[in-house]
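Participant: Pasting in a structure now, in structure tokens, and then I'll have a few things to ask.
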Amino acid sequence: MGRKWIYWYEELSGAHNDLVGKKCANLGEMTALGMKVPPGFAISVDGYERFMEESGAGEEIRRYVHDNRNHLNQVGKQVEASRAIRAYIEAKPMPEAMKTELYRHYADLCRRVGTDEVSVAVRSSGAVSMPGQMETYLNVSGTDRLARKVVQVWGSAFTTRAIAYRLEKGMQMEKAPIGVAVLKMVNAKCAGVCLTVLPTTGDTSKVVVEGNWGLGESVVSGEITPDQFIVDKEIGAYECTLGEKNKMVCYSSTGTCVADVPDEMRCKPCLDETELYEIVRISKDVEAHFELPQDMEWVLDCDLPFPDNLFWVQTRPAKYSKPKHNESEYLAELMTRVFRM
Amino acid sequence: MKMYDVVPGLEFDPERDLEQSPAWFLDATHSVPPWTPMFGWFWVNFCRHGMQWGAEKLSLPTVKGWDWRFMRGGGYLTLLLVKSEEEKRRREVEFRKAILPFIQDYDGLWGGFIKEILGRYDNLKSLDIDTASNIELLDNFEETIDTCRRMWEIHMYMMYGTYTAYILFENMCRDLAGIDDTSPLFHQVVSGFDNKVFQVDKRLWEFSQRAARDQLDRIILDTEPGRIREQLESDGTGKAFMNDFMEFMNEDGWRMQRMSEINLPTWVEDPAPALGMVKQFLQKGGGFNLDEERGKLTEKREQAEKEILAKVPAEQKGWFEQLMRLAQKSGVFSEEHDHYLDLYTHAMMRRSALGLGRRFTKLGAIDDPEDVFFLMPDEIRRAGISPDQFDLRYIVERRKAEWEEWQKEPNPPAILKDGFDLDQAMGVLVQSNDPIALKVVVGSMPQVRPELKADLYGTCGSPGVAEGTARVIMTEDELHLVQEGDILVAASTSPSWTPVFSMIQGVVVDRGASLSHAAIVGREYGIPVVMNVFEGTAKIKSGQRIKVDANLGTVYILDK
């Protein structure tokens, strides 16, 4: 038995960034805050390193990088390196001892949610922000497919962009601290984002909730015009702008696909007031905890009753335009004139 | 007989102080009736310190805060004006930077101060004053002094900053949109906000609902407020009710019955005033009308915001809207700071001082715990560690006799140098451009319009028209006389008066400006408020029918 390398989210917190990567640490922090996240577990950086060591992939990568060290600054060679290294990794089965442990956790997860062969999402969770490390596999079920996808996520630490980035930053090529998040797929009725600040004006007195039918990808990618609700944090009054929701993202047998929204649902708001207020209530608590405006992703499951069906998959500091500096200074100048009357 | 100064270094000295400034004004809102010596010591020292600290931190261009003196239980104040134009210019440069936190992160600023001061209170409250050692009690008192000092720093820094924004907003509404602070549109745009004081009122209303559900309403309705607690605690349901009520008091009941004095119990010691409000809610029946009212006001406010913004040129909208939001927050601050700052700190002062008072009594330094309010901190320090070694009774005796004398003859409203009159003195106040002087003390002067044939002319604190029975109330002790549908007539109002606003139809006050308590609360309840009528309490008698038209600023006495 080696070191522990798989963790339930309730065992983690924001402090475990280096252990399981940002996404998993964040899910742990959210769990600790009492936010419901989809059930699942995190694979730590130790899991990655153990795989590299025991499977022999690590040695092959080291050798490859050593042999090609003089050419790796060329873009063409980086593309080649990415292809070669990912092939080394993906060709290796997960060592049996690791498989046993992974399968045991998967079986526990199936028991927890009461489904055999539960469908999960397998997502990368980097410990440092690194572009290109965003590989995600949706709708994965069964132990063998799970093990294969976990290995593929590990391989995604070697995309061309990731290699170029590591070279540029002078980071070691063959090391890639990467965690993996395994999460139950939510059977989404509707999903979307929630910002606790108006991103265009920096107005922190409002919460913006955007949503569409189906999975959240359609909202996050910006491909459709979602429903938008702007809610006043203090008094709860809100404005609703309905989007023309003609497309939505659904599961398919191998992942996800885009489907047409049935006519009668296109102009119907995807959230009712109770659901909206629950989203806003939690977002305000989370914002208060982090003392920073948050950018969050939510999903409403159609199998569970409200409010148990509200899941959160992400929360991070929101990016927004701060009220303009020169306008503040102009205002300060005007205030000075109050004393000149 | 040696008589020690109550506020050493700051007792009024006619000869020297009139030399320094030709006009000293009595703070009639806070120091009538005259303060106990201990409270006077705290107020004059630290309100004075806070104003100068706030003015200096913000580098207010024209004023360095106020100077205060103590005379016969009264607080007398004068402005500290910046003397040269050159210094004003220099202070303007600093002010421009110092005011930025208000513009860029108001919520963070005020939220941070609330957190800081509540932390101090928690620390003070963590000492069990009955079992503490003498040294711990004395330390707690010293920390209370320090907390009071810090409270006034936050208080005045915030007040100067927010009021400056509010004044600018009024000016800009006038210059850019053509509406002034007596216009209903202006009042709509600054109302419809919740605040801590209203939240406490709502909790009291919720307790009235619970009392009805638990069938305790009869007991409460049939009992004098002072005996409600005892009556309730005589049976099981009532006991459970009182348990929860006292838990609420421990959270939000750290306030004084009188706004600026510490010789009456806090709500935590004696919940009678709070239970009296529960009783009033039961008598009145119905919902918590502030919630319904606020929904309507919020709608009106949003409409008014749109209307005002439509009048502002597009390229000016950005900062104007920012300023509008800040002015709206100023109104909320103006109302709720009393809860977090003055009232709570005063409750802490009473708690700590009484802890010492009880110990001193037990060990023989004084006769009665409440006598401690006739001592000032240096005298408390004299006996603090070993109260059994000292007899402070002779100081208490002299002070008490003196205090009783102060009550007999009211302090003069102003002390003026020979040859200087009140109009000149008021002129100095206005010229200072001191935001607090303008928004709280002076206000705008009413316009007398003979064609309206009104009996009194004032300014608009909150728009609307009402007709009803006048109820002249001079002190908080008379508040229970207010009846449903009355029009309240008072010199001014304070946060402990808020609950009666749910019963009345309108308000007339002698003095006040758009950030005075009566105006803010009147706007939230959507009732007309006419202010700065000067002679309302003198001319109107309780029981007379009167009509107020706040939009025009007029008051008519219908049955003379």
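The values are calculated or read from the model by the stated rules, or taken from the named source; none is laboratory data. Note that the coordinates shown come from a computational prediction; the quantities given were computed from them, not determined experimentally. Neighbour counts are summed over all protein chains in view; Cβ atoms, including those assigned to glycine, are modelled from backbone coordinates with ideal geometry. Remember, those area values only see protein heavy atoms, side chains included, never the ligands or the DNA or RNA. Shrake-Rupley method; radii C 1.70, N 1.55, O 1.52, S 1.80 Å.
Participant: Of all residues in region B:285-301, count the ones that are acidic (Asp, Glu) and either within 12 Å of chain A (Cβ to nearest Cβ) or not in a helix (DSSP H, G or I) (or both). Lay out the reasoning, then the answer.
Facilitator: First, the residues of region B:285-301 that are acidic (Asp, Glu): B:291-293, B:299.
Among the residues that remain, those that are also either within 12 Å of chain A (Cβ to nearest Cβ) or not in a helix (DSSP H, G or I) (or both) are: B:291, B:299.
Residues that pass the stated criteria total 2.
Participant: Okay, next question. Among the residues of region B:358-381, write down those that are open to solvent by 50 Å² or more (accessible area, probe 1.4 Å) and either small (Gly, Ala, Ser) or within 17 Å of B:VAL7 (Cβ to Cβ) (or both).
Facilitator: Once the filter is applied, which keeps residues that are open to solvent by 50 Å² or more (accessible area, probe 1.4 Å) and either small (Gly, Ala, Ser) or within 17 Å of B:VAL7 (Cβ to Cβ) (or both), region B:358-381 yields B:ASP378, B:ARG381.
Participant: Can you tell me which of (1) in a helix (DSSP H, G or I); (2) at pLDDT below 85 is the one A:VAL128 doesn't meet?
Facilitator: All conditions pass for A:VAL128, except number (1).
Participant: For A:ALA32, state whether it is free of Cβ contacts under 8 Å to residues at least 24 places away in the same chain, in contact with a Ser or Thr (Cβ under 7 Å, 6 or more places away or on another chain), more than 16 Å from A:LYS184 (Cβ to Cβ) and not aromatic (Phe, Trp, Tyr).
Facilitator: The answer is yes for A:ALA32.
Participant: Only one of B:PHE12, B:PHE102 is open to solvent by less than 10 Å² (accessible area, probe 1.4 Å) and either within 19 Å of B:GLN431 (Cα to Cα) or at pLDDT 95 or above (or both). Can you tell me which?
Facilitator: Selected residue: B:PHE102, the only one of B:PHE12, B:PHE102 that is open to solvent by less than 10 Å² (accessible area, probe 1.4 Å) and either within 19 Å of B:GLN431 (Cα to Cα) or at pLDDT 95 or above (or both).
Participant: Of the residues that sit in region B:48-64 and are surrounded by fewer than 24 Cβ atoms within 10 Å (Cβ to Cβ) and more than 14 Å from chain A (Cβ to nearest Cβ), which one is nearest to B:GLU404 (Cα to Cα)?
Facilitator: B:ARG48
Participant: For the subset of region B:528-545 comprising residues that are touching a Leu at 6+ places or on another chain (Cβ under 9 Å) and surrounded by fewer than 24 Cβ atoms within 10 Å (Cβ to Cβ), which member is nearest to B:ILE179 (Cα to Cα)?
Facilitator: Here the residue is B:PHE534.
Participant: Can you tell me which residues in region A:197-232 are of a type in the set (A, V, I, L, M), closer than 29 Å to A:LYS184 by Cβ and either within 12 Å of chain B (Cβ to nearest Cβ) or assigned to a strand (DSSP E or B) (or both)?
Facilitator: Initially, region A:197-232 is screened for residues of a type in the set (A, V, I, L, M), giving A:197-198, A:207-209, A:215, A:219-220, A:224, A:230-231.
When the remaining residues are screened for being closer than 29 Å to A:LYS184 by Cβ, the result is A:207-209, A:215, A:219-220, A:224, A:231.
Those that are of a type in the set (A, V, I, L, M), closer than 29 Å to A:LYS184 by Cβ and either within 12 Å of chain B (Cβ to nearest Cβ) or assigned to a strand (DSSP E or B) (or both): A:VAL207, A:VAL208, A:VAL209, A:VAL231.
Participant: Only one of A:VAL75, A:VAL37, A:VAL45, A:VAL20 is under 25 Å from the mean Cα position of the chain (by Cα) and farther than 19 Å from A:LYS175 by Cα; which?
Facilitator: It is A:VAL37.
Participant: Name the residue that is surrounded by the fewest Cβ atoms within 10 Å (Cβ to Cβ), counting only residues in region B:169-184 that are modelled with pLDDT under 85 and not acidic (Asp, Glu).
Facilitator: By that ranking, first place goes to B:GLY178.
Per-residue answers, yes or no, for (1) assigned to a helix (DSSP H, G or I); (2) modelled with pLDDT of 85 or more; (3) on the phi < 0 side of the Ramachandran plot:
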position: B:ALA470; (1), (2), (3): no, yes, yes
position: B:GLN483; (1), (2), (3): no, yes, yes
position: B:VAL489; (1), (2), (3): no, yes, yes
position: B:SER492; (1), (2), (3): no, no, yes
position: B:TRP497; (1), (2), (3): yes, no, yes
position: B:ALA518; (1), (2), (3): yes, yes, yes
position: B:ILE527; (1), (2), (3): no, yes, yes
position: B:PHE534; (1), (2), (3): no, no, no
position: B:SER542; (1), (2), (3): no, yes, yes
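Participant: Given the conditions (1) open to solvent by 10 Å² or more (accessible area, probe 1.4 Å); (2) of a type outside the set (Gly, Ala, Ser); (3) more than 27 Å from B:ASP421 (Cα to Cα); (4) without any contact (Cβ under 8 Å) to a residue 40 or more places away in the chain, and given that B:LYS83 satisfies all but one, which numbered condition is not satisfied?
Facilitator: The one condition B:LYS83 does not meet is (3).
Participant: Additional query: Go through (1) open to solvent by 20 Å² or more (accessible area, probe 1.4 Å); (2) more than 30 Å from B:GLY318 (Cα to Cα); (3) not hydrophobic (A, V, I, L, M, F, W, C) for A:LYS245 and report which single condition fails.
Facilitator: For A:LYS245, the failing item is (1).
Participant: Right, something else. Tell me the helices (runs of 4 or more DSSP H) entirely within region A:1-66 that contain at least 2 residues that are closer than 21 Å to A:VAL118 by Cβ.
Facilitator: Details: elements: A:17-20, A:22-32, A:45-55.
Passing ranges, in order: A:22-32.
Participant: For B:ALA466, state whether it is out of contact with any helix residue (DSSP H, G or I) (no Cβ under 8 Å at 6 or more places or on another chain) and either closer than 27 Å to B:SER496 by Cα or outside any helix (DSSP H, G or I) (or both).
Facilitator: Criteria met by B:ALA466.
Participant: Let me ask something else. Quickly run through region B:235-260 and pick out the residues that are closer than 19 Å to B:LEU124 by Cα, open to solvent by 10 Å² or more (accessible area, probe 1.4 Å) and within 19 Å of the chain's Cα centre (by Cα).
Facilitator: Of everything in region B:235-260, those that are closer than 19 Å to B:LEU124 by Cα, open to solvent by 10 Å² or more (accessible area, probe 1.4 Å) and within 19 Å of the chain's Cα centre (by Cα) turn out to be B:ASP252, B:TRP254.
Participant: Count, please, the residues in region A:288-338 that happen to be under 19 Å from A:THR201 (Cβ atoms), at pLDDT below 90 and more than 14 Å from every other protein chain (Cβ to nearest Cβ).
Facilitator: Qualifying residue count for the region: 3.
Participant: Output the residues belonging to region B:498-519 that are open to solvent by less than 10 Å² (accessible area, probe 1.4 Å), within 19 Å of the chain's Cα centre (by Cα) and either hydrophobic (A, V, I, L, M, F, W, C) or within 19 Å of B:SER183 (Cα to Cα) (or both).
Facilitator: Once the filter is applied, which keeps residues that are open to solvent by less than 10 Å² (accessible area, probe 1.4 Å), within 19 Å of the chain's Cα centre (by Cα) and either hydrophobic (A, V, I, L, M, F, W, C) or within 19 Å of B:SER183 (Cα to Cα) (or both), region B:498-519 yields B:VAL500, B:PHE501, B:VAL507, B:VAL508, B:VAL509, B:GLY512, B:ALA513, B:SER514, B:LEU515, B:ALA518, B:ALA519.
Participant: I need the strands (runs of 3 or more DSSP E) fully contained in region A:233-341, keeping only those with at least 3 residues that are hydrophobic (A, V, I, L, M, F, W, C). Working first, answer last.
Facilitator: On the way: elements: A:238-241, A:247-251, A:256-260, A:294-301, A:310-317.
Once the strands (runs of 3 or more DSSP E) in region A:233-341 are filtered for at least 3 residues that are hydrophobic (A, V, I, L, M, F, W, C), what remains is A:247-251, A:256-260, A:294-301, A:310-317.
Participant: Which condition does B:GLU87 not pass, out of (1) more than 10 Å from chain A (Cβ to nearest Cβ); (2) outside any helix (DSSP H, G or I), if it passes all the others?
Facilitator: (2)
Participant: Is it true that B:ALA353 is free of Cβ contacts under 8 Å to residues at least 24 places away in the same chain and either outside the structural domain of B:PHE12 (by TED's automatic domain parsing) or more than 27 Å from B:TRP66 (Cβ to Cβ) (or both)?
Facilitator: No; evaluated as a whole, the condition is false for this residue.
Participant: Taking B:TRP319 as meeting all but one of (1) more than 14 Å from every other protein chain (Cβ to nearest Cβ); (2) surrounded by 14 or more Cβ atoms within 10 Å (Cβ to Cβ); (3) without any contact (Cβ under 8 Å) to a residue 12 or more places away in the chain, write down the number of the exception.
Facilitator: That leaves (1) as the condition not met.
Participant: Can you name the residue in region B:398-415 that is in contact with a strand residue (DSSP E or B) (Cβ under 8 Å, 6 or more places away or on another chain) and assigned to a loop (DSSP other than H, G, I, E, B) and is also most open to solvent (accessible area, probe 1.4 Å) among such residues?
Facilitator: This residue is B:PRO413.
Participant: Sort out for me the helices (runs of 4 or more DSSP H) sitting completely within region B:102-199 that have 2 or more residues that are within 30 Å of B:ASP549 (Cα to Cα) and away from every other protein chain (no Cβ under 14 Å). It would help to see each step written out before you state the result.
Facilitator: On the way: elements: B:106-125, B:134-172, B:184-189.
Filter on region B:102-199 gives B:184-189.
Participant: Further, regarding this structure: Please name all residue pairs, on different chains or six or more residues apart, with Cβ atoms under 8 Å, provided the first residue is in region A:211-236 and is within 19 Å of A:LEU138 (Cα to Cα) and the second residue is of a type in the set (Phe, Trp, Tyr) and open to solvent by less than 30 Å² (accessible area, probe 1.4 Å).
Facilitator: A:GLY216/A:TRP298
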